Structures are given as structure tokens and as C-alpha cells.
Amino acid sequence: MAVSELPAAVARVAAHLVAAGAEARIEQLSSSCATAQEAAEAIGCTISQIVKSMVVVCDERAAVALVPGHLRVDPGRVARSVGASKGRVARAEEVLRLTGFAPGTVAPFAHGVGHVLIDQRLLAQPIVWAGAGSDVHMIALAPRELVRLTNGMTASIGATPSS
């Protein structure tokens, strides 16, 4: 599919990949995936290979936190990593306003948010899968390429979900 035939947000991600000379590919899934588990099942990978891109508001500025699909983001850890005193997960309308992506479709780059933090556990995976601007498009790439494309800082920002 040509870039011009992609949804606008996905085309923006594709253009970023091309401009950066990225070693990555965008895949279109056969159905929408609302959760990291559904995405892992559709792709045929482990949930720890799914990248959740979470927007965190830290003292009135934003950061994009990238965590493995089986973890939740810890807003306090994100805030401390960017030198802020407190953090909270952005509300749906803030996600769209700050990144240009709808919640659940945020790509790890091509969003204009200055701070990107990558949970260090993602670096242990051979390949990771991240959102690409729609609920049916995902990017496959090596973690080192994720770090390069985001200019992100690695940190321990994920936490085990509460039961």
C-alpha cells in the first residue's frame, strides 16, 4: 500500500520512518486490537514484545512513556526521570491534543512530544511492536531502532499491574 493510501496518522508515521532511514516495517492487522494482549495474539508474539505508548503529564509538560504490554506505566517514575515533581496519565482529550494521535494509537515517534522514556525491559526483546497511528497498524522494529528513532532515554518506568 502506498503512503498516500494510508490513514493520515499512519502516513505521518510512515513518512517519519522513511525520512529517518529506519529499519522497520508497518503491518496492517486483520482486525482492531483494543488491548496489548489482543495485539500480541493477532501478531503472534508475546505480550512483552508489545510497546504501549502512554502519555504522561509531568508538571504541566508531557512525556511519552514506552512500556512492555504486560506492564503499566508508573507516572511517578516517569515524572522523576524528567525532573518533575509529579506525573499523571493523560486524559483522552489531552493525548489527542498533545500527540495528534487518538488514544490507543499513539506511535512512539512522529508526535512532537519532547521527552520519550523507554522502559529498559523492552531492550531485552529481539523485535518489538508499537502503535503506528491506527488501531489496525503496528510497527515492527528492533529495540535499538526504537531508541534511535525516538531519541529516547531508557529508564525503569513500568510497574506490575495491580490485581
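Rule-based calculations on the coordinates, nothing more; no lab input. Please read all numbers here as calculations on a predicted model, not as lab measurements.
If you wrap a convex hull around the Cα atoms of region 1-72, how much volume per residue is inside, in Å³?
Values: hull volume 9.4 nm³, N = 72.
Enclosed volume per residue, from the Cα hull, is 131 Å³.
Taking θ = phi - 60°, what integer Hz values does the Karplus form 6.51 cos²θ - 1.76 cosθ + 1.60 yield along region 64-76, in sequence order, with x for Gly and Pro?
9, 9, 9, 10, x, x, 8, 10, 10, 7, 9, x, x
Over the residues of the chain, compute the C-alpha Rg and express it relative to 2.2 N^0.38 Å.
Ratio of Cα Rg to 2.2 N^0.38 Å: 0.95.
Counting each DSSP H run of 4 or more residues in the chain as -39500 (n - 2.57), what helix-only mean residue ellipticity at 222 nm follows after dividing by all residues, to the nearest 500 deg cm²/dmol?
-7500 deg cm²/dmol
Relative contact order for the chain: what is it in percent, counting Cα pairs under 8 Å that are at least 6 residues apart?
On the way: 343 pairs, mean separation 45.6, N = 163.
Averaging sequence separation for qualifying contacts and normalising by length gives 28 percent for the chain.
Please work out the C-alpha center-to-center distance from region 11-55 to region 73-107 and express it in whole Å.
About 19 Å separates the Cα centre of region 11-55 from the one of region 73-107.
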